[in-house]
1. Is the chain best put as rounded, prolate or oblate by its Cα gyration tensor, with a ≥ b ≥ c the root eigenvalues, rounded for a/c under 1.5, and otherwise prolate when a/b is larger than b/c, oblate when not?
2. Report the net charge of residues surrounding residue 11, where surrounding means a beta-carbon distance below 15 angstrom and charges are Lys +1, Arg +1, Asp -1, Glu -1.
3. Can you give the angle from 0 to 90° between the axis of helix 146-167 and the longest principal axis of the chain, with both taken from C-alpha atoms, to the nearest 10?
4. Hey, what angle do you get for helix 122-140 against the long axis of the chain, alpha-carbon based, 0 to 90 degrees rounded to 10?
5. Quick one: helix 100-111 against the long Cα principal axis of the chain, what's the angle to the nearest 10°, folded into 0 to 90?
6. Determine the equivalent ellipsoid of the stretch 82-195 by diagonalising the alpha-carbon gyration tensor, then write out the semi-axes as square roots of 5 times the eigenvalues, largest first, rounded to whole Å.
7. Out of the stretch 39-116, which GluC sites (Glu not before Pro) are coil in DSSP terms and have no more than 14 other C-beta atoms within 10 Å?
8. Among residues other than residue 60 whose Cβ falls under 12 Å from its Cβ, what is the net charge (Lys/Arg +1, Asp/Glu -1)?
Amino acid sequence: MGRHPQPERRAALLDACTRHVLDRGISGLSITSLAAAAGTSARMLVYHFGSKDQLVTEVLREARRRQQALFGELLQPRSGVPYPGVLRAAWRELTSPAAMPYHRLFRELHDLPTESSPWKGFPAHATDEWLAVVIGGLQAAGYEDPQVAATLIVAAARGLLLDLQITSGRERANAAFDALIDLLTKASTGTRTAHEP
């Protein structure tokens with residue numbers, strides 16, 4: 001007789017593998033190292049997930065789900081809070097120690113050639129996802145061209161995150177992000193003033 005499905009065991013294995021990948025990344029990842037991290041055998045991982053590739057894909061999607069659960073609401077407009085203030089607060093949380101494993105992992109995924117990526121199309125998907133949220137916030141704040149401003153914010157944040165991972169220059173990165181938000185705020189205020197009757 002075949003084994004019966006064990007959803008709780010599968011979920012525990014996925015959790016352990018996800019924590020391992022967030023800690024170590026996907027470079028040089030093997031089914032053996034995943035099994036060791038999960039306290040099981042490679043054979044059992046294959047039984048539950050079908051193959052190493054399927055397991056890695058599920059791990060990446062689980063990591064993304066966790067990232068969104070932790071930080072997904074940070075960029076949403078909030079009543080009584082000007083959107084630049086939302087962006088500043090979000091940046092501080094998105095660069096906190098709790099967020100950095102996600103940035104390292106997904107930066108690694110971004111940098112993989114498309115043909116060897118375990119999550120094909122992820123870079124475009126992730127960019128569109130963040131852009132949509134920031135565009136919505138800027139629209140609610142009355143920015144006249146929110147798509148351009150959101151593109152600048154997301155691109156600058158991505159570059160500053162990479163800088164932060166390389167140099168650990170947190171104060172400098174924070175100051176640069178604040179300067180960008182100040183510039184966008186002034187530009188938006190100036191544009192609205194220029195169009196006022």
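Read-outs: derived from the displayed coordinates by stated rules, not from any lab. Note that the structure is a prediction, hence the values are computed from the model and not measured. In this analysis, Cβ positions are derived from the backbone assuming ideal geometry, glycine residues included, and neighbour counts consider all displayed protein chains.
1. Values: a/c = 2.79, a/b = 2.38, b/c = 1.17.
Cα axes put the chain in the prolate bin.
2. Details: positive: 9, 10, 19, 61, 65, 66; negative: 8, 15, 58, 62.
So the environment of residue 11 carries a net charge of +2.
3. On a 0 to 90 degree scale, this one is about 60.
4. Result, in degrees: 30.
5. With both axes taken from Cα atoms, the answer is about 80 degrees.
6. Semi-axes, largest first: 27, 18, 11 Å.
7. Those satisfying the criteria are 73.
8. Here the charged neighbours net out to +1.
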